[in-house]
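Engineer: Once you've had a glance at the structure underneath, I'll fire off some questions.
The values are calculated or read from the model by the stated rules, or taken from the named source; none is laboratory data. Please read these numbers as outputs of a predicted model, since none were measured by experiment. Note that we place each Cβ from the backbone using ideal geometry, even for glycine, and neighbour counts take in every protein chain shown. Heavy atoms of the whole protein, side chains included, go into the accessibility calculation; ligands, DNA and RNA do not. Shrake-Rupley method; radii C 1.70, N 1.55, O 1.52, S 1.80 Å.
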Amino acid sequence: VLQGYAAEMDNPLMAHLISPELQNKKDILFGNMEEIYHFHNRIFLRELEKYIEYPELVGRCFLDQMEDFQIYEKYCQNKPRSESLWRQFSDSVFFQECQRKLDHKLSLDSYLLKPVQRITKYQLLLKEMLKYSKNCEGAEDLQEALTSILGILKAVNDSMHQIAITGYDGNLNELGKLLMQGSFNVWTDHKKGHSKVKDLARFKPMQRHLFLHEKAVLFCKKREENGEGYEKAPSYSYKHSLNMAAVGITENVKGDAKKFEIWYNAREEVYIIQAPTPEVKATWVNEIRKVLT
């Protein structure tokens, strides 16, 4: 892909086949695939080969390189832009010519999906290895490597949702790390509000998608998917946010194991939040507690 497509975009002999709108869009189309390739080729593969005689210790290899695996997050974040560009130009003569020269059965988009599939495949491979390595000396490292890869997958997944937030004025990066995201039923109760508003608010929940950052929690409304493939990803229109410095939490709400409360400015605003399951609630309450302490 890098030699037969990406490099060809800079080949003067192929220039006449590339439409002007596609020129200079190489970085959008291929993201940081080259970085991923060099990481595997120069670093990870060589490290892996040291474990050929001791496969049960391969967890160590993953742990040593874990920081480098974050390059996948960058690739996945760029993927929606790459896909939409590909859809505009998929029938371009340039791509057809590259595919013909390479004698590929599949078109470029199938290959651009490979890194996304690869990062998800690692956790399956590690799970399989763990299954057969119960009592051997590398089992702990394998388990830790699996946990770390799952952490990276969660970060990839969270960031894919985060880039779909629309209407937020500030810079999301200034809110600190994104810790959790998910959909909830939310009831509000504003002390300042008109009493009528309060009564109404009690009954009908709003559907909100929450993004918990280190410095703020964002409330967004999920807009339904349209388009195909990656474009099916929903978008989230920003409604409001609460600064974590002024947030308090009530972990248990009478009569419902799935509900907890987030309140603001000494209970001036109270948000009753209902998670889909008690487990999801517990995870969120733990994360929020960590931020607050």
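Engineer: Filter the strands (runs of 3 or more DSSP E) completely within the range 190-245 down to those with at least 1 residues that are modelled with pLDDT of 85 or more, aromatic (Phe, Trp, Tyr) and more than 19 Å from Trp284 (Cα to Cα).
Structural biologist: Qualifying strands (runs of 3 or more DSSP E): 235-243.
Engineer: Out of the residues in the range 124-159 meeting the condition of being part of a loop (DSSP other than H, G, I, E, B) and not aromatic (Phe, Trp, Tyr), tell me which one is surrounded by the fewest Cβ atoms within 10 Å (Cβ to Cβ).
Structural biologist: Going through the qualifying residues, I end up with Asn135.
Engineer: Filter the range 56-84 down to residues that are of a type in the set (Asp, Glu) and open to solvent by 70 Å² or more (accessible area, probe 1.4 Å) and give me whichever is nearest to Thr120 (Cα to Cα).
Structural biologist: Here is the first cut: in the range 56-84, the residues of a type in the set (Asp, Glu) are 56, 64, 67-68, 73, 83.
If we keep only those that are open to solvent by 70 Å² or more (accessible area, probe 1.4 Å) as well, we get 64, 67.
Numbers: Asp64: 19, Glu67: 16 Å.
Among them, the one singled out is Glu67.
Engineer: Those residues that are open to solvent by less than 60 Å² (accessible area, probe 1.4 Å) and either without any contact (Cβ under 8 Å) to a residue 60 or more places away in the chain or out of contact with any Phe, Trp or Tyr (no Cβ under 7 Å at 6 or more places or on another chain) (or both), I need them from the range 34-55; list them, please.
Structural biologist: His38, Phe39, His40, Phe44, Glu47, Leu48, Tyr51, listed by residue number.
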